[in-house]
Amino acid sequence: MRRIAIAVLIAAAFFLGGCSIVKYSFSGTSIQPDVKTVTINFFEYKALKVNPSLSNDLTEAMKDKFRKLTKLEQVEMDGDLEISGAVTGYDVRAAAVTANEVAAMNRLTVTASLKFTNRKYPEEDFEKSFSAYSEYDSSNSLDAVEASLCEEIVEKLVEDMFNASVAQW
């Protein structure tokens, strides 16, 4: 009886494993087995307020994420998957106001657009906008905290973009 149960489980595992066209991994990605390469283009900077390093930081963080969590080879052009985008917003606004109508906390928000192209499975293509923010005490100037805020925001944006593109969350 035990041998029959084991044989049925093994057969079911082979049957179910053979039917799948989606590859799953511990990183949470769902990339089809025949997708082998990715092209990650430079994220252009189109926001009105200038942050000279943000485009490069976002591009490099996206490349690092794909390098660490997928087995895709990064190629300069014509990858099976292609990612392009732009930083479209960079805004600072009051997040919390005191009784004297003075900002107690400020919020830096970065918005980026993403175009995802899957040359093997075009039904997965999309264009979407992503936004992330970080708050800081208004007693600090933006210049004093900008680098650490942007690092945190880029991490959030890359996580969301990665999940939308290859984790399909």
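Bear in mind these aren't lab numbers, they're just calculated from the coordinates by the rules spelled out. It should be emphasised that the depicted structure is a prediction, and the values quoted were computed from it without experimental measurement. Positions of Cβ are generated from backbone atoms using ideal geometry, with glycine treated the same way; all protein chains shown enter the neighbour counts.
Over the Cα atoms of the stretch 33-167, the radius of gyration divided by the Kirkwood radius equals 1.06; this is the Rg/Rh ratio. Put a dot 7 Å past the Cα of Leu48, heading toward its Cβ, do the same for Asp137, and the two dots end up 3.0 nm apart. Projected label points at Tyr121 and Thr37, each 7 Å from Cα along the beta carbon direction, are separated by 2.0 nanometres. Rounded to whole numbers, the Karplus 3J(HN,Hα) couplings from phi for the stretch 138-150 are 5, 6, 8, 7, 4, 4, 6, 10, 4, 4, 6, 5, 5 Hz, using 6.51 cos²θ - 1.76 cosθ + 1.60 with θ = phi - 60°, and x at Gly and Pro. Applying both filters, DSSP loop and at most 15 other Cβ atoms within 10 Å, to the chymotrypsin sites (Phe, Trp or Tyr not before Pro) of the stretch 32-86 gives Phe42. Here the simple spin-label model places points 7 Å from the Cα toward Cβ, and for Ser30 and Val145 these points are separated by 3.8 nm. Take 68-76, 154-162, 50-58 and order them by the average number of nearby Cβ atoms within 10 Å per residue, most first; the result is 154-162, 50-58, 68-76.
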